[in-house]
Amino acid sequence: MKISRKALRLIGALLALSVISVACGGADASTSGSKSDSASGPLTGAGSTLVAPLMSKWESDYASKTGNTVTYGAIGSGGGIEQITQR
């Protein structure tokens, strides 16, 4: 089965959004400015180049609020999909 480039880009964007959701979902609004107990350890992801500038901006904010780092590699949505399928 061949997947179109447009579909791959959409999937990549959705995967990147998933990484963002996981990264941001650990912080509780009631603990704004304090470290969250629900998140632990660094987060690493790769994929869509579209979200790379936003991820870059969020990385430092997330680290300051949780004490955990986020590393995002802008390798393209196809590369992100390949990495996920290869686990």
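Brief remarks on what is shown
- Seen from Leu15, the other residues with C-beta closer than 12 Å to its C-beta sum to a net charge of 0, counting Lys and Arg as +1 and Asp and Glu as -1.
- Globularity index of the stretch 41-87, i.e. its alpha-carbon radius of gyration over 2.2 N^0.38 Å: 1.19
Bear in mind these aren't lab numbers, they're just calculated from the coordinates by the rules spelled out. Computed from a prediction, not measured in an experiment: that's the story for all the values here. Positions of Cβ are backbone-derived with ideal geometry, glycine not excepted, and every protein chain shown enters the neighbour counts.
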